[in-house]
């Protein structure tokens, strides 16, 4: 072996070692807190190493105040100009109030053991719309301002008989379908920027097969999914929360008009195809519809119908900012392979150009399904 080959081999082993350390360091959470609720009560379960603590707490009037933050945020981002516009200080105060609402007693004792660099995973599992309506993504701990890469917020749904797929090998081909729809009369969604980010982030890092459908209607979506196998389906379109259960807005190719497709109809097309991740770059795709049901938004419906991971938005978000978020998401996903960490990194990237909207993206997944790549 030549000296050049020896240097290349040494560098390769060093990079592999760093990658293994990086993944283990971030994926093994120091504190994992799960919030469960049913009816008028909730329980927080915290685990820190071998230590476990629980706290039962009632749903009290403070909950209504916490829910009001998201409604103000939604109206502000819709452009309805509420009387009180949210500031960074408002978002941070809400996040601290939310922390105080949940954390007390033995759980607080566990939390106080942490350092600023310890990794925290917040998992919310609830069948209560009161708790589901809280924007948990904005939660602020006393140690470490959020967003930050060492804090993840994940929404877990109650499921039976569903198991997350095995992680993809890092060297395998990732097959992505980008679904783009810009109907006449609605603003552009910037899907070209998302396409560029996808190609740039994968680049020479990992093999990529990217198929793009421009002006997607129901028939072209079904035809693409039938013709090929995909790992990730990324929707760049509008969302609509005015119907029951939420909708995505595709396009009627004959007229160019909007075609409102229900969450259940989208789920019927996507399920049973071994998809790993569905990304909804669509406003209000995790906001409950006007006539809420048990699973009342697009993201929850897709999880319930068998999609293991769904990234969505609980309010509107600016088009250029969505490209920033998506770029950071894919970049970190290729690095750590972990969707929880990728979301944390993407929220951090979003916070550098937006004041309070960094908490708009939401992550929904099956329990135990955080690792997308090995």
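Just so you know, all these numbers are worked out from the coordinates, no wet-lab data involved. All of these numbers come straight from a predicted model, not from anything done at the bench. Methodologically, a virtual Cβ is constructed for each residue, glycine included, from the backbone with ideal geometry; neighbour enumeration extends over all protein chains shown.
Extending 7 Å from Cα along the Cβ direction at residue 226 and again at residue 118 yields two label points whose distance is 5.4 nm. Among 280, 178, 186, the residue with the largest mean-square fluctuation in a Gaussian network model of the chain, with springs joining Cα atoms closer than 10 Å, is 186. If the chain linking residue 47 and residue 318 were pulled fully straight, counting 0.36 nm for each residue of separation and taking away their Cα-Cα distance, it would gain 93.9 nm. DSSP beta bridges confined to the chain are antiparallel in about 45 percent of cases. With the Kirkwood sum run over all distinct C-alpha pairs, the chain has a hydrodynamic radius of 21.4 Å.
Mind running the shape call on the range 31-146? Use the C-alpha gyration tensor, a ≥ b ≥ c as the square roots of the eigenvalues: rounded below 1.5 for a/c, prolate if a/b tops b/c, oblate otherwise. Oblate shape, in that a/c is at least 1.5 and b/c is the bigger or equal ratio.
Comparing 222, 334, 250 in a Gaussian network model of the chain where C-alpha atoms under 10 Å apart are linked, the largest mean-square fluctuation is found at 222. For a paramagnetic label modelled on residue 71 (point 7 Å from Cα along Cα→Cβ), amide N atoms under 15 Å away belong, within the range 133-169, to 133-135. Computed from label points 7 Å out along Cα-Cβ, the spacing between residue 108 and residue 62 is 0.9 nm. Take the Cα of residue 171, step 7 Å toward its Cβ, do the same at residue 96, and the gap between the two points is 5.1 nm. Given their separation in residues at 0.36 nm each and the Cα-Cα distance between them, residue 125 and residue 355 gain 80.0 nm when the chain is fully extended.
Pull out a ≥ b ≥ c, the square roots of the eigenvalues of the alpha-carbon gyration tensor of the range 79-197, then state rounded if a/c is under 1.5, prolate if not and a/b is larger than b/c, and oblate in the remaining case. Here the range 79-197 falls in the oblate category.
Cα gyration tensor of the range 215-287, axes a ≥ b ≥ c as square roots of the eigenvalues: rounded (a/c below 1.5), prolate (a/b > b/c) or oblate? It is oblate, given that a/c is not under 1.5 and a/b is not larger than b/c. Summarised in one figure, the compactness ratio Rg/Rh of the range 174-365, Cα atoms and Kirkwood Rh, is 0.93.
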